[in-house]
């Protein structure tokens, strides 16, 4: 969902299709993604129109809890804050595929110096979700005026199997690095983060920066590298073939699992292709710092996935930390200390002013919030 107008006005097309009995007055224009999903043009997303919107993003959008998303709710979340920053959609693969695009978040008052770059990769089991999910995790960074941010879209598994998703992310990074001067980006200070499937992709980006075989050949900027200074995996898969070793609500070995759909066949039947999609396959001592944040009661991406990654990184002498969210599920974390840890890690990677976070276990909901 991409903000298309910073002015609070009702678009003409919406006025023409609103029923006369509707008493809702829209205070702002909805995003382009909202308009695409609003098949009946009634200014509300409901029913099948909600398919593909990640649950976490839906909860953020549905501010009144009515199980629908109005155009006003969409604009409140995705509207462009006047005078603070701008969101620009850019095609990174030299084509018009809407999935192969990114949202660039940049301050309206450009810095004279080049700024660190923070990349967000959305989740959705590689088969749903949108780069619009980057709004919430990136907003504070870009509002500070100290970062350039980007949320990367990529082809989903219904359109292309692995490694298309990684190749898309790398093409996006090459595009941004090639335009570093234009967008005031310092490519040496890039941090990539993602959640769930996005955590898997963020990890893959981190551990394959020096692996030419994983680069792909998308876009016009093949002379650029894709190395980053650090990565954060929020509850991302790391070893597909061991996901069913831990309690889960999903049978990950099944032919219709998200992982099997990503690879293109049941993951246990094609071990070589599956291992090629596992971040653990590529870890070596040259990788940048990488931390894992995971809920101990995650029933979608089993908790064992992050300790597996942490142990492999530690064995390779890669700076790392495992942040366990006690009784946390698949995201929706509520402890504000988690965000502080994330920001401390970003500062460590981009300025060296903070030490890398240490292993820690945090309650999902701190006692101060339960009183």
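Data overview
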read-out: For residue 290: the one exception among (1) within 26 Å of residue 226 (Cβ to Cβ); (2) over 21 Å from the mean Cα position of the chain (by Cα); (3) surrounded by 14 or more Cβ atoms within 10 Å (Cβ to Cβ); value: (2)
read-out: Residues that are over 20 Å from residue 122 (Cα atoms) and surrounded by 15 or more Cβ atoms within 10 Å (Cβ to Cβ), drawn from the stretch 96-111; value: 107
read-out: So residue 184, is it touching a strand residue (DSSP E or B) at 6+ places or on another chain (Cβ under 6 Å) and surrounded by fewer than 20 Cβ atoms within 10 Å (Cβ to Cβ); value: yes
read-out: Condition met for residue 96 (in the same structural domain as residue 177 (by TED's automatic domain parsing) and either at pLDDT 90 or above or part of a loop (DSSP other than H, G, I, E, B) (or both)); value: yes
read-out: Matching residues, the stretch 187-214, being surrounded by fewer than 24 Cβ atoms within 10 Å (Cβ to Cβ), assigned to a helix (DSSP H, G or I) and either touching a strand residue (DSSP E or B) at 6+ places or on another chain (Cβ under 9 Å) or touching a residue at least 40 places away in the same chain (Cβ under 8 Å) (or both); value: 214
read-out: Candidate set: the stretch 346-363, residues that are farther than 18 Å from residue 307 by Cα and in contact with a strand residue (DSSP E or B) (Cβ under 9 Å, 6 or more places away or on another chain); chosen: the one surrounded by the most Cβ atoms within 10 Å (Cβ to Cβ); value: 349
read-out: Flag if residue 288 is in contact with a strand residue (DSSP E or B) (Cβ under 9 Å, 6 or more places away or on another chain) and in contact (Cβ under 8 Å) with a residue 12 or more places away in the chain; value: yes
read-out: Single residue of 350, 360 found to be in contact with a helix residue (DSSP H, G or I) (Cβ under 8 Å, 6 or more places away or on another chain), touching a residue at least 24 places away in the same chain (Cβ under 8 Å) and over 15 Å from residue 235 (Cβ atoms); value: 360
read-out: First in the stretch 247-259 and in contact (Cβ under 8 Å) with a residue 12 or more places away in the chain, second anywhere and part of a helix (DSSP H, G or I) and surrounded by 17 or more Cβ atoms within 10 Å (Cβ to Cβ), Cβ under 6 Å, 6 or more apart; value: 252/243; 252/244; 252/259; 253/244; 259/240; 259/267
read-out: Residues being part of a loop (DSSP other than H, G, I, E, B) and either modelled with pLDDT of 75 or more or surrounded by fewer than 14 Cβ atoms within 10 Å (Cβ to Cβ) (or both) - total across the stretch 28-69; value: 18
read-out: The stretch 219-242 - residue that is crowded, with 22+ Cβ neighbours inside 10 Å and out of contact with any strand residue (DSSP E or B) (no Cβ under 7 Å at 6 or more places or on another chain) and, of those, nearest to residue 287 (Cα to Cα); value: 226
read-out: Some residue of the stretch 303-311 being part of a loop (DSSP other than H, G, I, E, B), surrounded by fewer than 20 Cβ atoms within 10 Å (Cβ to Cβ), touching a residue at least 40 places away in the same chain (Cβ under 8 Å) and over 20 Å from the mean Cα position of the chain (by Cα); value: yes
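Here is a yes/no grid of residues against (1) touching a strand residue (DSSP E or B) at 6+ places or on another chain (Cβ under 8 Å); (2) surrounded by fewer than 24 Cβ atoms within 10 Å (Cβ to Cβ):
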{"site": "119", "(1), (2)": "yes, no"}
{"site": "131", "(1), (2)": "yes, no"}
{"site": "141", "(1), (2)": "yes, yes"}
{"site": "146", "(1), (2)": "yes, yes"}
{"site": "154", "(1), (2)": "yes, no"}
{"site": "158", "(1), (2)": "no, yes"}
{"site": "162", "(1), (2)": "no, yes"}
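The values are calculated or read from the model by the stated rules, or taken from the named source; none is laboratory data. Quantities reported herein were computed from a predicted structural model and do not represent experimental measurements. For neighbour counting, all protein chains shown are included, and Cβ atoms are generated from backbone atoms with ideal geometry for every residue, glycine included.
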